[in-house]
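Chemist: Would you mind keeping the following structure in view while I ask a few things?
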Amino acid sequence: LLDLFLYDYDVVVSNPPYLGSAKMGDELKKFVKDNYKGSRDLYTAFIERNGEFAQKEGYVSMITMETFMYLYSYRGLRPKLLSEMNFVDVAHLENRDEGYMNVCYTMRKSEQENHVQSRFNRLVNTDDKISGLREITEANRAGDEHDEVYVVDQNSFKEIGRTPFVYWFGQHILSLFAEFPRLDEVSDVLRGLDTGNDDRFVRKWWEVSESDKEKWFYYMKSGSENFYQDTLRNRVLWANDGQEIKNFDGSIIPNEEYYFIEGISYRKFGRF
């Protein structure tokens, strides 16, 4: 085993061990944290380590969980992988809430200027993974297009905050992140008022009588299912500068200096 660790290789193939940092012993935990960006789990440390085993232009093939592709915990690992390794072929088998070892991939250790486009084969919506992958592979070998094959420049992920591997956006959408400024580059992006009890402090505009309108102010709570524009329907109890809400233990009142200033409201939601 020690002899194996002394050399570089043309090809490294691995199904790595899995161990969350919370279950690591103190010595192992410290070693992984001091030496690897992917310190949250042993499997992500092995992704980096296998890259070290591969010689220049060598290949690494692995099957792992997909969590390193998206989770906040691996925001430091992803840029490192994108810079040092070129994801050549990826088979994304399942979403993380449905499977365990759910993505397999081949990476090439190369300089960024030598990176080729990455091919992501998406099977998360396919029940029969074997036949689905066979169908995609045959299409790839024949040079035919397939709805579940996404060919992208992996460097496009770097243009998105925390570099999630959102390959299914497609190259056209991914290119827009580099072409246009981010919202936080042209405006302040802030959290709004959370009353802590909407049943008590929020009403529809038609529920507020004329005599009480000076106490209830229009309130853009958040977005809705509407794609483009939402109707302003809510009012919030903000009499005496919101004193009753401020005295309520469950309320959250951030960025109050921005209240009553024109802006855009949207829901905080999404699913990769």
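The values are calculated or read from the model by the stated rules, or taken from the named source; none is laboratory data. Every value quoted in this text rests on a predicted model; they were computed, and no experiment measured them. Ideal geometry is used to build each Cβ from the backbone, glycine not excepted, and the neighbour counts take in all protein chains shown.
Chemist: I'm checking my understanding of the structure. Among residues of the range 257-272 that are more than 29 Å from the chain's Cα centre (by Cα) and of a type in the set (D, E, K, R), which one is modelled with the lowest pLDDT?
Modeler: The selected residue is Glu262.
Chemist: For the list (1) modelled with pLDDT of 95 or more; (2) within 30 Å of Glu52 (Cβ to Cβ), I need the number of the one condition that Glu113 fails.
Modeler: Among (1) modelled with pLDDT of 95 or more; (2) within 30 Å of Glu52 (Cβ to Cβ), the lone unmet condition for Glu113 is (1).
Chemist: Those residues that are out of contact with any Lys or Arg (no Cβ under 8 Å at 6 or more places or on another chain) and surrounded by 19 or more Cβ atoms within 10 Å (Cβ to Cβ), I need them from the range 72-99; list them, please.
Modeler: If the condition is that a residue be out of contact with any Lys or Arg (no Cβ under 8 Å at 6 or more places or on another chain) and surrounded by 19 or more Cβ atoms within 10 Å (Cβ to Cβ), then Leu81, Phe87, Ala91 are the ones that fit.
Chemist: Further question on the same structure: Could you please give the count of residues in the range 181-209 that are modelled with pLDDT of 95 or more and either surrounded by fewer than 13 Cβ atoms within 10 Å (Cβ to Cβ) or within 22 Å of Leu71 (Cα to Cα) (or both)?
Modeler: 5
Chemist: Then there is this: With respect to the numbered conditions (1) in contact with a helix residue (DSSP H, G or I) (Cβ under 9 Å, 6 or more places away or on another chain); (2) surrounded by fewer than 15 Cβ atoms within 10 Å (Cβ to Cβ), which one is the sole condition not fulfilled by Ser39?
Modeler: So Ser39 meets the others, but not (2).
Chemist: How about the range 1-13: which of its residues are of a type in the set (Ser, Thr, Tyr) and at pLDDT below 95?
Modeler: Tyr7 - this is the single residue of the range 1-13 that is of a type in the set (Ser, Thr, Tyr) and at pLDDT below 95.
Chemist: Output the residues belonging to the range 165-180 that are surrounded by 16 or more Cβ atoms within 10 Å (Cβ to Cβ) and in contact with a strand residue (DSSP E or B) (Cβ under 7 Å, 6 or more places away or on another chain).
Modeler: Across the range 165-180, the qualifying residues are Tyr167, Leu174.
Chemist: When you go through Lys56, Lys33 one by one, which is the residue that is over 30 Å from Glu148 (Cβ atoms) and free of Cβ contacts under 8 Å to residues at least 40 places away in the same chain?
Modeler: Lys33
Chemist: Here are the criteria: (1) surrounded by 18 or more Cβ atoms within 10 Å (Cβ to Cβ); (2) modelled with pLDDT under 95. Tell me which single one Ser118 does not satisfy.
Modeler: Answer for Ser118: the failing condition is (2).
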